[in-house]
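Have a look at the structure below before the remarks.
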Amino acid sequence: MKIPLQITFSNMKPSDAVRDRIGERAARLDRFHERIMSCRVVVRAPNRRQRSGKRYHVSIDLKLPGHEIAINRDPPQDQSHEDIYVAIRDAFDALVRRIEDASRERRGDIKTHPVQPSGSVVRLFHDEDYGFLEDPEAGEIYFHANSVPNNGFRRLKVGSKVQYQAATGDKGLQATIVKPIGGSRTPPHSRTT
């Protein structure tokens, strides 16, 4: 790192053991980004008046060229952060994930999610638990009632817009998951007054 590590203790006496553990974790950060400019860590002990759930809070402010990462989350509700070293570990693990994300973004390796194909329901056979949807590119695709999550098959109507995932089976292309888009879903119990 270009600028030395800065460690601050709040509501507690400074501890060499804690300072050393933070120093070890901070020294490893160079593996994840080569141009770290500064790293500031604040370790806060629980308030003395707090009676139960005395959890340590570790916040980290890291500066990279053109980017600042702040880890400043409340400790989890479980009791693991009653151990200061677990709180330090979790904060630095979260920081590493954010540094990796920033590095991917800088390189242009941002994840893109494929566009899920969509179509419209063209035929339904409610008594036999299947139907067909039509995708302008793939044509007509068979689907079974089990392919529609949350027992949604009965709520589908001809013309309903859907997104789907498909696989090729013995009889050709078949939708394995069919999800209504937008306002196609109707509440199971609606009452009028």
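State yes or no: is ARG104 in a helix (DSSP H, G or I), among the charged types (D, E, K, R) and touching a residue at least 40 places away in the same chain (Cβ under 8 Å)? No. The criterion of being among the hydrophobic types (A, V, I, L, M, F, W, C), modelled with pLDDT of 80 or more and outside any strand (DSSP E or B) does not hold for ALA70. Listed by first and then second residue, the pairs with beta-carbon distance under 7 Å, at least 6 apart or on different chains, first residue in segment 160-182 and under 10 Å from PHE143 (Cβ atoms), second of a type in the set (D, E, K, R), are VAL162/LYS179.
Looking at the structure I just gave you, is HIS57 in contact with a helix residue (DSSP H, G or I) (Cβ under 8 Å, 6 or more places away or on another chain), surrounded by 15 or more Cβ atoms within 10 Å (Cβ to Cβ) and modelled with pLDDT under 85?
Considered against the rule, which asks whether it is in contact with a helix residue (DSSP H, G or I) (Cβ under 8 Å, 6 or more places away or on another chain), surrounded by 15 or more Cβ atoms within 10 Å (Cβ to Cβ) and modelled with pLDDT under 85, HIS57 comes out as no.
Taking the criterion of being in contact with a strand residue (DSSP E or B) (Cβ under 9 Å, 6 or more places away or on another chain) and either at pLDDT 95 or above or farther than 22 Å from ASP83 by Cα (or both), the residues of segment 23-38 that qualify are LEU29, HIS33, ARG35, ILE36, MET37, SER38.
Residues GLY159, GLY119, GLY152, GLY131: which one is in a loop (DSSP other than H, G, I, E, B) and modelled with pLDDT of 85 or more? Of GLY159, GLY119, GLY152, GLY131, the one residue that is in a loop (DSSP other than H, G, I, E, B) and modelled with pLDDT of 85 or more is GLY159. One residue stands out among those in segment 140-159 that are among the small types (Gly, Ala, Ser) and in contact (Cβ under 8 Å) with a residue 24 or more places away in the chain: the one that is farthest from THR176 (Cα to Cα), which is GLY159. Scanning segment 162-193 for residues that are at pLDDT 85 or above, part of a strand (DSSP E or B) and out of contact with any Leu (no Cβ under 9 Å at 6 or more places or on another chain) yields GLN163, GLN165, GLN174, THR176, ILE177, LYS179.
The values are calculated or read from the model by the stated rules, or taken from the named source; none is laboratory data. Not measured: the values here are computed from a predicted model. All Cβ positions, even for glycine, are placed from backbone atoms using ideal geometry, and neighbour counts span all protein chains on display.
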